[in-house]
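Visitor: Pasting a structure below so you can have a look.
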Amino acid sequence: QVGVHGIRIEFINEKGSKRTATYLPEVAKEQGWDHIQTIDSLLRKGGYKAPITNEFRKTIKLTR
């Protein structure tokens, strides 16, 4: 649920390195983001530069 829990993601970037990114609970709510927009923003925050696909989103590890 957006705005209730903070989230942390782990993913492997396009160069094969493990990366992480974290948002506090209020970030997505303040920005008016849904779940997909929040995940995509976290990927960019974590340095992922390649196009984001549904298949790639399924590979990330998300912790709330």
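The values are calculated or read from the model by the stated rules, or taken from the named source; none is laboratory data. Keep in mind that this is a model prediction, so the values were computed, not measured. As a convention, Cβ positions derive from the backbone with ideal geometry for all residues, glycine included, and neighbour counts pool all protein chains shown. Accessible surface areas use protein heavy atoms only, side chains included; no ligands, DNA or RNA. Shrake-Rupley method; radii C 1.70, N 1.55, O 1.52, S 1.80 Å.
Visitor: When the residues of the range 1-10 are narrowed to those that are of a type outside the set (A, V, I, L, M) and open to solvent by less than 40 Å² (accessible area, probe 1.4 Å), which ends up nearest to Ile60 (Cα to Cα)?
Guide: Quick first cut of the range 1-10, residues of a type outside the set (A, V, I, L, M) only: 1, 3, 5-6, 8, 10.
Narrowing the set further to residues that are open to solvent by less than 40 Å² (accessible area, probe 1.4 Å) leaves 3, 6, 10.
On the way: Gly3: 20, Gly6: 16, Glu10: 6 Å.
The residue in question is Glu10.
Visitor: Turning to a different aspect of this structure: Tell me which residues, restricted to the range 52-64, are basic (Lys, Arg) and open to solvent by 60 Å² or more (accessible area, probe 1.4 Å).
Guide: Step one: filter the range 52-64 for residues basic (Lys, Arg), giving 57-58, 61, 64.
Those that are basic (Lys, Arg) and open to solvent by 60 Å² or more (accessible area, probe 1.4 Å): Lys58, Lys61, Arg64.
Visitor: Continuing with this model, one more query. Considering only residues that are open to solvent by 40 Å² or more (accessible area, probe 1.4 Å) and over 19 Å from Gln1 (Cβ atoms), which ones fall in the range 11-51?
Guide: Passing the criteria: Ile12, Glu14, Lys15, Gly16, Ser17, Lys18, Arg19, Thr20, Arg44, Lys45, Lys49, Pro51.
Visitor: Starting from residues that are modelled with pLDDT of 90 or more and farther than 16 Å from Tyr48 by Cα, keep the ones in the range 7-25 and report whichever is nearest to the chain's Cα centre (by Cα).
Guide: Filtering the range 7-25 down to residues modelled with pLDDT of 90 or more leaves 7-24.
Add one more test, that the residue is farther than 16 Å from Tyr48 by Cα, and what stays is 7, 24.
Numbers: Ile7: 8, Leu24: 12 Å.
Among residues in the range 7-25 that are modelled with pLDDT of 90 or more and farther than 16 Å from Tyr48 by Cα, the one nearest to the chain's Cα centre (by Cα) is Ile7.
Visitor: Follow-up. Which of the residues belonging to the range 52-64 are under 25 Å from Val4 (Cβ atoms) and either assigned to a helix (DSSP H, G or I) or modelled with pLDDT of 95 or more (or both)?
Guide: Applying the first criterion (under 25 Å from Val4 (Cβ atoms)) to the range 52-64 yields 52, 54, 57-64.
Selection gives Ile52, Asn54, Arg57, Lys58, Thr59, Ile60, Lys61.
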